[in-house]
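Quick notes on the structure that follows.
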Amino acid sequence: MPVEISLNSRVRIQDDVLFQELQGEAVLLNLKTGVYLGLNAIGTRIWQLLQEDGALSRVMEVMLREYDVTQEKLRGSAGPGRSDGAAGAAGRGELRKPAGMDEAPGR
């Protein structure tokens, strides 16, 4: 049965998933499956926020503050068939830092 995920959800990153940041982007490696993923700067920031406490509501709050994006686009409801959230919005050029912000605050 699928797990229902909402902004009230809290996620936990499994111990067997390694994270390595490389010049603002990152690579994830699942040691159990051997699957690896590359994250762009936006995906890297989301992963960092998840590592802090796993609260999806906090991830949303911080991303809305740090990026020039609407909550609708960040949640992935920007149009029919689009349920890819921030990753898809970034790939479509819909998620950008406000002018004058080169890096996320506190980094």
With the first residue restricted to segment 40-55 and required to be exposed (fewer than 14 other Cβ atoms within 10 Å of the Cβ), and the second required to be in a helix (DSSP H, G or I) and of a type in the set (Asp, Glu), Cβ contacts under 8 Å at 6 or more apart or on different chains are none
Residue selected from segment 55-97 under the condition under 22 Å from residue 22 (Cα atoms) and not aliphatic (A, V, I, L, M), by the criterion modelled with the highest pLDDT = 66
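The values are calculated or read from the model by the stated rules, or taken from the named source; none is laboratory data. On a predicted model such as this, the values are computed, not experimentally measured, just so you know. Cβ coordinates were reconstructed from backbone atoms using ideal geometry, including for glycine residues, and neighbour counts include every protein chain displayed.
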